[in-house]
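Here's the structure we're looking at; comments come further down.
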Amino acid sequence: MSKVLNIAIVGCGGIAKGKHMPSLSKQSQGRMVAFCDIVKERAEEAAAEFGAEGAKVYTDYHELLKDESIDVIHVCTPNDSHSVITVAALEAGKHVMCEKPMAKTSEQAKAMLEAAQRTGKKLSIAYQNRFRSDSQYLKQMCEDGELGDIYFGKAIALRRRAVPTWGVFLDEEKQGGGPLIDIGTHALDLTLWLMDNYKPKSVMGSTFHKLGQRENAANAFGPWDPEQFKVEDSAFGFITMQNGATIIIESSWALNVAEFGEAKSLLCGTEGGADMQDGLRINGEKRSRLYETKVDLDAGGVAFYSGSAENEADREARMWLEAIIEDKEPVVKPEQALVVTQILEAIYESAQTGKAVYFES
């Protein structure tokens, strides 16, 4: 793999600085040559820290897309702009890694998928939790049939008090929602992927605005402004799949709960079960006795796992660039991410109408 891909970052805020740019900087098969942000200083700072020699800075992504030397675009902007930027980048001949969720609405997500199919360029969504060592190990177990027919799952994304108070997280217009579309999307993607089930039949949902209006609330990131808190503080969904399997999703930024955790799955199959609440635990029945075992993931031997120095974000970046260079499908396929967005949208719709949302079979 001698080719080195030229990468551009569109949106140089928190997720780009916290994940994308640090991980890409470790990849020998890619280099960041352009940075775009509506705040020029942010793009300049990113270019100075992570850019290749001569890296360019833009405030308009349309101008950036005119550069034919750029191979890959990473879209790290608010949810409402994911689709328009991604479609434009694909049509400009670039491969695209877009931050989660795929889009604010399923209609926007479909436009992204159609653009990828039309242009033949690769599109992936940044669901990095698939690349954790526990996720990779459990995925192998599921593929090998060790849990049997998986008919129940829980997608868990619960925070007790950790409401993000920066950026546009509390802005429903730009984000499309609160914890469900922010962290619930990770848990749902992980659960659907582990179950390898992307055919929903019906969805019931509930959203709550119970704690967001409190003044001076306890919060990991400092008190939030109730006037700015326009999204739900918790949301829950009950999903029935076409094959009868059932998934429950739990998401919150603020909830009075003693046990919490993000991007975790619980699976129940005919031959065994698994959960991620206290490490990766596998349970089942052998010789008329029940057993529970905790997997030691520090011992190596996990698929795609190349040592403790490579975290899930680094692994995501490496395998994404390899998919482009080797012309193979990315781990996170846009067709899968579209289903995640469709289910999230259905939960919000059901919560608003009080009725179930049904999918075409």
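The values are calculated or read from the model by the stated rules, or taken from the named source; none is laboratory data. Computed from a predicted structure; not experimentally measured. Virtual Cβ from ideal backbone geometry, glycine too; neighbours counted across all protein chains shown. Please note that ligands, DNA and RNA were not included when accessible areas were found on the heavy atoms of the full protein model with its side chains. Shrake-Rupley method; radii C 1.70, N 1.55, O 1.52, S 1.80 Å.
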Rounded to the nearest 20 Debye, what is the dipole magnitude of the chain about its Cα centre when Lys and Arg each give +1 and Asp and Glu each give -1 at the C-beta? 380 debye
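Report the Rg/Rh value for the stretch 1-101, based on alpha-carbon coordinates and the Kirkwood definition of Rh.
Checking Rg against Rh, the ratio lands at 0.92.
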Would you mind computing the Rg to Rh ratio of the stretch 78-142 from its alpha-carbon coordinates, Kirkwood style for Rh? 1.08
Angle check, please: helix 106-119 long axis (alpha carbons) against the longest principal axis of the chain (alpha carbons), in degrees 0 to 90, nearest 10. 60 degrees
With Rh as the Kirkwood radius over Cα pairs, the stretch 135-185 has Rg/Rh of 1.18
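Probe radius 1.4 Å, ligands and nucleic acids ignored: give me the carbon and sulfur share of the accessible area of the chain as a rounded percent.
Values: 7550 of 16510 Å².
Taking all protein chains in place, the chain shows 46 percent carbon and sulfur surface.
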Considering only ILE125, ILE38, ILE282, give the residue with the highest GNM mean-square fluctuation for the chain, with springs between Cα atoms whenever their separation is below 10 Å. ILE38
In degrees from 0 to 90, rounded to the nearest 10, what is the angle of the helix 82-91 Cα long axis to the longest principal axis of the chain? 50 degrees
Expected field for LEU65, accessible surface area in Å² at 1.4 Å probe radius, rounded to 10, holds 20 Å²
Relative to the longest principal axis of the chain, what angle (0 to 90°, nearest 10) does the C-alpha long axis of helix 133-143 take? 60 degrees
Once the Cα gyration tensor of the stretch 119-158 is diagonalised, semi-axes √(5λ) in Å: 24, 15, 12
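Using just the helices of the chain, give the 222 nm mean residue ellipticity in deg cm²/dmol: DSSP H runs with n ≥ 4 each add -39,500 (n - 2.57), and the total is spread over all residues, rounded to 500. List each step's numbers first, then the result.
Numbers: 10 runs with 103 residues, N = 361.
Taken over the chain, the calculation gives -8500 deg cm²/dmol.
What accessible area per residue comes out for the chain, rounded to a whole number of Å², with a 1.4 Å probe? Walk me through the numbers on the way to the answer.
Working: 16510 Å² over 361 residues.
Averaged over the residues of the chain, the accessible area is 46 Å².
The stretch 176-292: percent of C-alpha pairs farther apart than 22 Å? Intermediate results must be reported in sequence, preceding the final value.
Details: 3040 of 6786 pairs.
That tail contains 45 percent of the Cα-Cα pairs.
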Give the lysines whose C-alpha is closer than 27 Å to that of LYS210, dropping any in the same chain fewer than 8 places away, or say none. LYS100, LYS104, LYS154, LYS174, LYS230, LYS264, LYS355
